[in-house]
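The next block holds one structure in the form of structure tokens; read it before the comments.
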Amino acid sequence: MKKTLLITGGAGFIGSHVVRLFVNKYADYTIVNGDALTYAGNLENLADVKGRSNYIFEKADITDENAVNALFEKYRFDGVIHLAAESHVDRSILDPLAFIKTNVLGTAVLLNAARQYWKDDMENKRFYHVSTDEVYGSLGEEGFFTEETAYDPRSPYSASKASSDHFVKAYYHTYHLPVVLSNCSNNYGSHHFPEKLIPLAIHNIKNNKPVPVYGKGENVRDWLFVEDHARAIDTIFHNGRLGETYNIGGFNEWKNIDLIRLLCKVMDRKLGREEGSSEKLITFVKDRAGHDLRYAIDATKLNKELGWAPSLQFEEGLEKTVNWYLDNEEWLQHVTSGAYQQYYKEQYQQR
Ligand code: NAD
């Protein structure tokens, strides 16, 4: 069936994997990637789909109502998969208003455009909001986040995502906008901006630079291979029930320090270094303010209802990820531009 879809944030880490999957899998869809190309958006992420007949890039800021309406007017979208966001917790601590603007206002602008353009025909339309497990707050040593867990965001990033989730649900209840949501755990894989833990560590180990780990590295995160997230988004977009939230996770919890030690082992092997040499680069830095102790996702609903499950073991996914970064030195050089270097210096100076 022919469809025209808007994927916001398609030039970012997860968005580029979703665009690639949809362009390759659905030849009869037209995929419009709407992205403002902030520091985190990089069209090199999609070099392999550029020029494909079912793929269009539109530079657009989701907080700009006129620009968003113009896109709806031009393409008459059948669906929206919304990933555009400010996504880095540390940056949200430095500049919370930027997060409120893009994540809250930007989402509301998109919802409003969809409401206006779809108001006479909501049949077969779908607005999919991609969100994070961080909206649920922090867990102790036990338990998991389920779809019923009460929201308890603790960083400006998670508060902005929680707020956008609420707006999506409000548009469902108030205007009957056909929405579906998902909340996912930490992603890892190729094309990840090197301010995030895994690509940052790979980059620094390779260059014999200190590998910063917050506090004592005791924080626990659930990790999911980004291509498995993209598959989950495909499944939920097409088969999820309207108005529902689906949690997505890897059933794969790691303490930060254990994850970094595993990565050091893989890197020693890949770089032909003596075992244990990369671990010496681990440097503990002052903990992030309000650092949530543990996130863990129960993705049973998605598994039972829609049959999705992660496809890769963590060790296998990590190996693939390391290989990609080592084979794509040029990509890394391009994204670690002057502006990023400055931010990195401010954020990770040893204390
Ligand atoms: P990212 O930072 O890599 O990419 C974000 C993209 O959004 C970039 O291409 C950027 O240019 C674009 N963007 C930012 N502001 C914009 C604006 N005002 N208008 C249009 N485009 C704009 O982020 P990511 O890690 O790929 O995350 C994508 C989505 O998934 C986000 O909504 C995030 O909250 C969610 N999420 C991420 C993770 C994760 O582990 N990375 C986990 C769960 C959920």
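Throughout, read-outs are computed from the coordinates displayed, never taken from laboratory work. The model shown is predicted, which means the values in this text are computed figures rather than measured ones. Quick reminder, even Gly has a Cβ in these numbers, built from the backbone with ideal geometry, and neighbours come from all protein chains shown.
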- Query: Got a sec? Charge dipole of the chain, +1 on Cβ for Lys and Arg, -1 for Asp and Glu; which of Ser311, Leu6, Gly51 is way out at the positive end?
  - Reply: Gly51
- Note on the structure: The set of residues whose placed amide H lies less than 5 Å from the amide H of Phe145, leaving out same-chain residues fewer than 5 positions away, is Ala296, Ile297, Asp298
- Task: Starting from the alpha-carbon convex hull of segment 72-190, give the projected area averaged over all orientations, in nm².
- Result: 8.9 nm²
- Message: Using Stokes-Einstein with the Kirkwood hydrodynamic radius over Cα pairs, what translational diffusion coefficient do you get for segment 253-350 at 25 °C and a viscosity of 0.890 mPa s, in µm²/s rounded to a whole number?
- Response: 146 µm²/s
- Message: I need the phi-derived Karplus couplings for segment 7-19: 6.51 cos²θ - 1.76 cosθ + 1.60, θ = phi - 60°, integer Hz, Gly and Pro marked x.
- Response: 10, 8, x, x, 8, x, 4, 6, x, 5, 6, 5, 4
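Report relative contact order for the chain in percent, whole number only (criteria: Cα-Cα under 8 Å, sequence separation at least 6). Show your work: numbers first, answer last.
Numbers: 642 pairs, mean separation 59.3, N = 351.
Value for the chain: 17 percent.
Taking 0.36 nm per residue of sequence separation and subtracting the Cα-Cα distance, how much length would be gained by fully extending the chain between Arg273 and Thr300, in nm to one decimal?
Values: separation 27, 0.36 × 27 = 9.72 nm, distance 4.07 nm.
The span from Arg273 to Thr300 would gain 5.6 nm if fully extended.
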- Query: Counting other Cβ atoms within 10 Å, which trypsin sites (Lys or Arg not before Pro) in segment 250-347 have at most 12 and lie in a DSSP loop?
  - Reply: Lys286
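Provide Ser337, Ser92 in ascending order of the number of other Cβ atoms located within 10 Å of each residue's Cβ, fewest first. All intermediate terms of the calculation are to be shown ahead of the outcome.
On the way: Ser337 10, Ser92 22.
Neighbour counts put them in this order, fewest first: Ser337, Ser92.
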- Message: Going by Cα centres, segment 153-171 and segment 212-238 are how many Å apart?
- Response: 18 Å
- Which whole-Hz couplings ³J(HN,Hα) result when phi for each residue of segment 253-261 is put into the Karplus expression 6.51 cos²θ - 1.76 cosθ + 1.60, θ = phi - 60°, listed in order with x for Gly and Pro? 8, 9, 5, 3, 5, 5, 4, 5, 5
- Query: Under a point spin-label approximation (7 Å from Cα along Cα-to-Cβ), what is the Glu329-Leu293 distance to one decimal in nm?
  - Reply: 4.4 nm
- Rounded to one decimal in nm, the spacing of the 7 Å Cα→Cβ label points at Arg52 and Gln313 is 3.1 nm
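Write out the trypsin sites (Lys or Arg not before Pro) in segment 31-82 meeting two conditions: DSSP loop, and at most 12 other Cβ atoms within 10 Å of their Cβ.
Lys50, Arg76
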- If you project the alpha carbons of the chain onto the principal axes, what extent comes out on each, in Å, largest first? 65, 45, 38
- Once amide H atoms are built 1.01 Å from N in the peptide plane, which residues 5 or more positions from Tyr214, or in another chain, come under 5 Å H to H? Val285
- Could you check which residue among Leu271, Leu46, Leu105 shows the biggest mean-square fluctuation in a GNM of the chain with a 10 Å Cα cutoff? Leu271
- Query: What list of ³J(HN,Hα) values in whole Hz, one per residue of segment 178-183 in order, does the Karplus curve 6.51 cos²θ - 1.76 cosθ + 1.60 (θ = phi - 60°) give from phi, with Gly and Pro shown as x?
  - Reply: x, 10, 8, 10, 9, 10
